[in-house]
Amino acid sequence: MKRQKRFEKLEKRPVHLDGFVKEWDDEGLVAMRSKNDPDASLKVENGVITELDGKKREDFDLIDQYIAEYGINIANAEKANAMSSQSIAKMLIDPNVSRSEVVKVTTALTPAKASDVINQLNFAEMIMAVQKMRPRRTPFTQAHITNTLDNPAEIAADGAEAALRGFPELETTTAVARYAPLNAISLMVGAQAGRPGVITQCSVEEAVELGLGMRGFTAYAETISVYGTDKVFTDGDDTPWSKGFLASCYASRGLKMRFSSGSGSEVLMGYTEGKSMLYLESRCIYITKASGVQGLQNGSVSCIGVPSAVPSGLREVLGENLMCMMMDLECASSNDQTFSHSDIRRTERMLGQFIAGTDYISSGYAGEENSDNTFAGSNMDVLDYDDYESMERDLAVNGGILPITEDQAIKIRKKAAKAVQAVFDGLGLPEITDEEVEAATYGSTSGDMPKRDMAQDIKAAQDLMDRGVTVSDIIKALDDHGIDDTAQAVFKLAQQKICGDYLQTSAIFDKDWNCISAINDNNDYMGPGTGYRVWEDEAQWNKIKNIPWALDPQKVDF
């Protein structure tokens, strides 16, 4: 068959390596408005919800029961649910209606009603609504810090650089599960060397993750997953109640945490009940609210390949982020998992959250090259820094990442690598050599690092846990080696877990350990001239606009 040459060229474009499928309602391969989604309904008798989205109380499944018991503001429920979905959607984008007024309505809706409200909005309207509905006034973003060899010096150096670039939260995981204590310690020390007040986590099996937090090796968690159907929950030996109990375990030890969910997970597990991804995600959001958890990581997260394959899928992802904010929850809006071969689609995927600003525009910007990202790669990585920072400058948007110079990066990376070298020496762990410190300072990937004896590292990690090592021992190791500023920062972080201020919604710390949250930095957007505007934050705007590669016309010799 003779081909048309332009179509032959188009078929070779990167976008054709992506997966696209047509909708299939009965199997849940539909982003929004499945024919099987329930109609919204609510009945309250004597202060008890007896009907929820077409189900009588005696027919409630576990998720319905949990949401009805704990997840809906019953006092305002009948009045709010009697409003038309379109009128509520208009409240979301109306600059004359305050966020606090909207939240009184949205937290009283049923999951199906909230889904229907989101269905009323086009993508541009969702951006307008997100700008107003995020809990914290000031947007930030979060980074992944990993490498395929679990090299501690590289983790510390990458963590310090990310901290200096403006990330207030950093997340690591492991290539080898038993490295968890070493990775958690390396990231915490590196982050505090880079900028005091940055909080860190290590994403591993839930019991181990909680144990690391209780020892003081981490300060927050977010990989406590919830799902939108009973069958997916019970296949994982979980219920909404067990997740709520786990959340209380973290909070009782002064550890910030949020749940994780995202459209597409139920599709991948094969138990969608024929419902749309948006409706199932609404149930996850309500479970989070019902559990008393301050926030949620959502936006499909690691399942992004599923919604991005169906029509309106990326619109749905922004919609589920918005629904999270409608429930007055901190939103870490994903933008982490890589999903497309197309640079244009990768940019499209984060555009809504980037322009509007969320609590964390990404819940996992790769603070390493994606070849080293053991979370399977992020939508954007360190090699996109200059593009991302140029976009911030172009649009006068605070995307949470600041430009730094090469000299600044070298200095902070060396400081962090030497700090973790001292900690390993003080704790009796396998030596981090000067050669490793040098490589971590100037290298970019684990391929630039000297090889370590992984068997000895794993043995030492287990021994460290058996010896009962805690954050106190890390502080002492830093102090004994004369690294006073980092020791003091780690000590201050441990103090904050006793104080507990950062358990509030959307809480972060600045470099002076001031806790900034939705309580004292609440979103006050009410249309043009109000809310967070980066150019009114002179110090931040100067950092964003003065990218190192911009020429100074007054100093150029023409």
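The values are calculated or read from the model by the stated rules, or taken from the named source; none is laboratory data. This one's a predicted model, so the numbers in the text were calculated from it and none came from an experiment. All Cβ positions, even for glycine, are placed from backbone atoms using ideal geometry, and neighbour counts span all protein chains on display.
Would you check if E348 is surrounded by 24 or more Cβ atoms within 10 Å (Cβ to Cβ), farther than 24 Å from A163 by Cα and either in contact (Cβ under 8 Å) with a residue 24 or more places away in the chain or more than 13 Å from the chain's Cα centre (by Cα) (or both)? The answer is no for E348.
Of all the residues in the stretch 213-249, those that are free of Cβ contacts under 8 Å to residues at least 40 places away in the same chain, acidic (D, E) and in contact with a strand residue (DSSP E or B) (Cβ under 9 Å, 6 or more places away or on another chain) number 1.
A single entry from L121, L149, L109, L170 fulfils the requirement of being over 17 Å from the mean Cα position of the chain (by Cα) and under 20 Å from G364 (Cβ atoms): L149. For the stretch 365-372, the criterion of being under 15 Å from the mean Cα position of the chain (by Cα), outside any loop (DSSP other than H, G, I, E, B) and either crowded, with 22+ Cβ neighbours inside 10 Å or among the hydrophobic types (A, V, I, L, M, F, W, C) (or both) is met by at least one residue. Does any residue of the stretch 293-304 turn out to be farther than 26 Å from I508 by Cβ and in contact (Cβ under 8 Å) with a residue 24 or more places away in the chain? Scanning the stretch 293-304, I find at least one residue that is farther than 26 Å from I508 by Cβ and in contact (Cβ under 8 Å) with a residue 24 or more places away in the chain, so the answer is yes. Listed here are the helices (runs of 4 or more DSSP H) enclosed by the stretch 395-481 that have at least 2 residues being touching a Leu at 6+ places or on another chain (Cβ under 9 Å) and under 26 Å from F491 (Cβ atoms): 406-426, 454-466, 471-480. A residue that is of a type in the set (S, T, N, Q), free of Cβ contacts under 8 Å to residues at least 40 places away in the same chain and surrounded by fewer than 23 Cβ atoms within 10 Å (Cβ to Cβ) occurs somewhere in the stretch 250-273.
Residue-wise test of (1) among the β-branched types (V, I, T); (2) modelled with pLDDT of 95 or more; (3) touching a Leu at 6+ places or on another chain (Cβ under 9 Å); (4) over 29 Å from T338 (Cα atoms).
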site: R13; (1), (2), (3), (4): no, yes, no, no
site: G19; (1), (2), (3), (4): no, yes, no, no
site: K22; (1), (2), (3), (4): no, yes, yes, no
site: A40; (1), (2), (3), (4): no, yes, yes, yes
site: I49; (1), (2), (3), (4): yes, yes, yes, yes
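The set of residues in the stretch 1-34 that are exposed (fewer than 10 other Cβ atoms within 10 Å of the Cβ) and either touching a residue at least 12 places away in the same chain (Cβ under 8 Å) or within 21 Å of D116 (Cβ to Cβ) (or both) contains only K22. Within the stretch 51-98, if we keep just the residues that are more than 30 Å from the chain's Cα centre (by Cα), free of Cβ contacts under 8 Å to residues at least 12 places away in the same chain and surrounded by 15 or more Cβ atoms within 10 Å (Cβ to Cβ), the residue that is nearest to T530 (Cα to Cα) turns out to be E51.
Taking helices (runs of 4 or more DSSP H) that fall entirely within the stretch 168-247, which contain at least 1 residues that are among the polar types (S, T, N, Q), touching a helix residue (DSSP H, G or I) at 6+ places or on another chain (Cβ under 7 Å) and modelled with pLDDT of 95 or more?
Answer list for the stretch 168-247: 180-194.
Looking only at residues of the stretch 12-37 that are in a loop (DSSP other than H, G, I, E, B) and of a type in the set (A, V, I, L, M, F, W, C), we find that the one that is nearest to R346 (Cα to Cα) is F20.
Remark: pairs (first residue in the stretch 406-423, touching a residue at least 24 places away in the same chain (Cβ under 8 Å) and buried (at least 21 other Cβ atoms within 10 Å of the Cβ); second residue in a helix (DSSP H, G or I) and acidic (D, E); Cβ separation under 7 Å; 6+ apart in sequence or on different chains) = I412/E161; R413/E161.
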